[in-house]
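Visitor: The structure is given below, and queries will be raised subsequently.
The values are calculated or read from the model by the stated rules, or taken from the named source; none is laboratory data. Owing to the predicted nature of the structure, the values given are computational and were not obtained by experimental measurement. No Cβ is skipped: glycine too gets one built from the backbone with ideal geometry, and neighbour counts run over all protein chains shown. Only protein heavy atoms, including side chains, enter the accessible area calculation; ligands, DNA and RNA are left aside. Shrake-Rupley method; radii C 1.70, N 1.55, O 1.52, S 1.80 Å.
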Amino acid sequence: MNREEKILLYKEVKFTDVSKELLEQLQKGGFLTVKRDDEVNTMTIAWGSLGFMWKKPIFTAMVRYSRHTYELMESTKNFTVSLPLKGQLEKELKLCGSKSGRDTNKIQECNLTLKEGFLEDSVIIDECDLHLECRIVYKQGMDAATLSSEINDSCYANNDYHVLYYGEIVKAYIK
Ligand SMILES: Cc1cc2nc3c(=O)[nH]c(=O)nc-3n(C[C@H](O)[C@H](O)[C@H](O)COP(=O)(O)O)c2cc1C
């Protein structure tokens, strides 16, 4: 698909205009998709945040060290978040949140359609309605020593901490 076709198919939106829908769906699950060379992997996320930092709109994704996605995030500049807003893709969100791209091609197994985004190495899940294309501007591994003990005990009993990836939202669009 060329740039003009993409512009016809997708309507660019301000992230502040879709933040309610975005955050409501995020709690149920969205797809975090990353491309490294010829490999594309997606995983389900439900944690993340939306806001303004460094005078930029930012989506922060939390990826545990154990994820295959972590390895891909470490060697790319961009990631996308794709959200189904009409209750579709429940089964696919479950599968992409339980199987690893290390062992399975989840895109094929779920029969998901990939579309090239606007940024370099940005790929979206076409069956979704709302897409963010983000450029990683900062990342930070969690420091367990400064974490509340309540969260440490409830979320990190196995010491599998998150890396926080701060993505500048360069494009936000709906189909
Ligand atoms: C609803 C739901 C939300 C999830 N949210 C996250 C998340 O925010 N961060 C994370 O690291 N893993 C999260 N997971 C777990 C990953 O999606 C899961 O471990 C996945 O298999 C990792 O895939 P990968 O190894 O291909 O990266 C979530 C799983 C589900 C079902």
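Visitor: Which pairs have Cβ atoms under 7 Å, sit 6 or more apart or on different chains, and link a residue in segment 79-98 that is closer than 23 Å to GLU168 by Cβ and among the hydrophobic types (A, V, I, L, M, F, W, C) to one that is open to solvent by 70 Å² or more (accessible area, probe 1.4 Å) and more than 11 Å from the ligand (Cβ to nearest atom)?
Guide: LEU85/GLU21
Visitor: I want to confirm something. Restricting to segment 149-172 and keeping residues that are in contact with a helix residue (DSSP H, G or I) (Cβ under 9 Å, 6 or more places away or on another chain) and surrounded by 13 or more Cβ atoms within 10 Å (Cβ to Cβ), which single residue is farthest from LEU32 (Cα to Cα)?
Guide: Filtering segment 149-172 down to residues in contact with a helix residue (DSSP H, G or I) (Cβ under 9 Å, 6 or more places away or on another chain) leaves 152, 156, 159, 161-163, 165, 169, 172.
Filter again for surrounded by 13 or more Cβ atoms within 10 Å (Cβ to Cβ), leaving 152, 156, 161-163, 165, 169, 172.
Working: ASN152: 24, TYR156: 21, TYR161: 18, HIS162: 15, VAL163: 14, TYR165: 11, ILE169: 13, ALA172: 14 Å.
Checked segment 149-172; the qualifying residue farthest from LEU32 (Cα to Cα) is ASN152.
Visitor: May I ask you to list the residues in segment 53-67 that are away from the ligand (no atom under 11 Å from the Cβ) and not charged (D, E, K, R)? I'd like the intermediate steps shown before the answer.
Guide: Start the filter on segment 53-67 by keeping residues that are away from the ligand (no atom under 11 Å from the Cβ), which leaves 53-59.
Selection gives MET53, TRP54, PRO57, ILE58, PHE59.
Visitor: Out of all the residues in segment 16-47, which are over 23 Å from GLU109 (Cα atoms), within 16 Å of the ligand (Cβ to nearest atom) and among the aliphatic types (A, V, I, L, M)?
Guide: Step one: list which residues in segment 16-47 are over 23 Å from GLU109 (Cα atoms), which gives 16-24, 27, 47.
Now restrict to residues that are within 16 Å of the ligand (Cβ to nearest atom): 22-24, 27, 47.
The answer is LEU22, LEU23.
Visitor: LEU50 versus (1) within 13 Å of the ligand (Cβ to nearest atom); (2) in contact with a helix residue (DSSP H, G or I) (Cβ under 8 Å, 6 or more places away or on another chain); (3) open to solvent by 30 Å² or more (accessible area, probe 1.4 Å); (4) over 20 Å from LEU112 (Cα atoms): which is the lone unmet condition?
Guide: It fails just one condition, (1).
Visitor: Could you please find all residues in segment 92-141 being more than 13 Å from the ligand (Cβ to nearest atom), β-branched (Val, Ile, Thr) and under 15 Å from the mean Cα position of the chain (by Cα)?
Guide: Answer for segment 92-141, where residues must be more than 13 Å from the ligand (Cβ to nearest atom), β-branched (Val, Ile, Thr) and under 15 Å from the mean Cα position of the chain (by Cα): VAL123, ILE124, ILE125, ILE136, VAL137.
Visitor: Another question, if that's okay. Can you name the helices (runs of 4 or more DSSP H) wholly within segment 57-148 that have at least 3 residues being open to solvent by 20 Å² or more (accessible area, probe 1.4 Å)? Full working, then the answer.
Guide: Numbers: elements: 68-73, 90-96, 106-109.
Fully inside segment 57-148 and qualifying: 90-96.
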